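Here's the structure, in structure tokens; my notes come after.
The values are calculated or read from the model by the stated rules, or taken from the named source; none is laboratory data. Since this is a predicted model, take the numbers as computed values, not measurements. Here the Cβ is made from the backbone with ideal geometry for all residues, glycine too, and neighbour counts use every protein chain on show.
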Amino acid sequence: MTFKKTVEGRFQGGMGFTTTTGSGHTIAADDSDGNTGSRPTELLMAALVACTGMDVVSILAKKRQVVSEYAVHSRSEQRREYPQVFTTIEVVHDLVGPDLDVRAVRRAIELSARKYCPVSAMLSAGETAIHHCYRVRRTGSSPLDESGEVCVTGPYERPQVSVG
């Protein structure tokens, strides 16, 4: 089974484009000279951050983990030669909650990285190595501040196909 997605881009002059997604949302893209929108590679990183973040929130909710604050940060390195693909991306999930279970957080991140997030799978299938990391700050009766790496996906990793 496949899903079809559509996006239309309209030239705005210079190097600027306004894209409209099939769901009706508009996104501006440009280069650093015009600077009327995000760079396309920034949009790709934004897609990764949003995709994995949605997965982790959903999984943690199913595990009845209370998250009071959550941010996902990413940094990347790109090859200088064309095409200037990402070679390395670090994604850090920064979570705060009263009784967060570090094992539950690590498992949610791993499931997103290896099974659910299509953006991660597509990037990991190419030259990109993605380091999936966490920081958990527990604020309840047994406080904790712990960080580490959960896993690395890619480069050239064939995405697993999940049936059912």
Review point. Mind checking which pairs have a first residue in the stretch 15-43 that is assigned by TED's automatic domain parsing to the domain that holds LYS4 and within 19 Å of SER76 (Cα to Cα) and a second that is part of a helix (DSSP H, G or I) and aliphatic (A, V, I, L, M), Cβ under 7 Å, 6 or more apart or different chains?
Key: ALA29/LEU43
**Study point:** Every residue from the stretch 8-28 that is touching a Gly at 6+ places or on another chain (Cβ under 9 Å) and in a strand (DSSP E or B)
**Key:** GLU8, GLN12, GLY13, GLY16, PHE17, THR18, THR19, THR20, ILE27, ALA28
Point to revise | Residues satisfying the stated conditions in the stretch 29-59, i.e. crowded, with 18+ Cβ neighbours inside 10 Å and in a loop (DSSP other than H, G, I, E, B) | key: ASP30, GLY37
Check your understanding: Checking ARG135 against (1) touching a strand residue (DSSP E or B) at 6+ places or on another chain (Cβ under 8 Å); (2) of a type outside the set (Phe, Trp, Tyr); (3) under 19 Å from LEU44 (Cα atoms); (4) in contact (Cβ under 8 Å) with a residue 40 or more places away in the chain, which single condition isn't satisfied?
Key -> (3)
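A quick yes/no check of all residues on (1) more than 30 Å from LEU100 (Cα to Cα); (2) aromatic (Phe, Trp, Tyr); (3) within 11 Å of the chain's Cα centre (by Cα):
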{"position": "GLY22", "(1), (2), (3)": "yes, no, no"}
{"position": "ASN35", "(1), (2), (3)": "yes, no, no"}
{"position": "THR41", "(1), (2), (3)": "yes, no, no"}
{"position": "CYS51", "(1), (2), (3)": "no, no, yes"}
{"position": "VAL57", "(1), (2), (3)": "no, no, no"}
{"position": "ALA61", "(1), (2), (3)": "no, no, no"}
{"position": "ARG64", "(1), (2), (3)": "no, no, no"}
{"position": "SER68", "(1), (2), (3)": "no, no, no"}
Exercise for review: Could you tell me whether the stretch 3-20 includes any residue that is closer than 21 Å to PRO155 by Cα and either more than 12 Å from the chain's Cα centre (by Cα) or aromatic (Phe, Trp, Tyr) (or both)?
Suggested key: no
Study note, to complete from the structure: Filtering the stretch 87-133 down to residues that are among the β-branched types (Val, Ile, Thr), crowded, with 21+ Cβ neighbours inside 10 Å and within 15 Å of ASP145 (Cβ to Cβ) yields VAL105
Study note, to complete from the structure: When restricted to GLY164, GLY148, the only residue at pLDDT below 95, farther than 24 Å from ARG39 by Cα and surrounded by fewer than 18 Cβ atoms within 10 Å (Cβ to Cβ) is GLY164
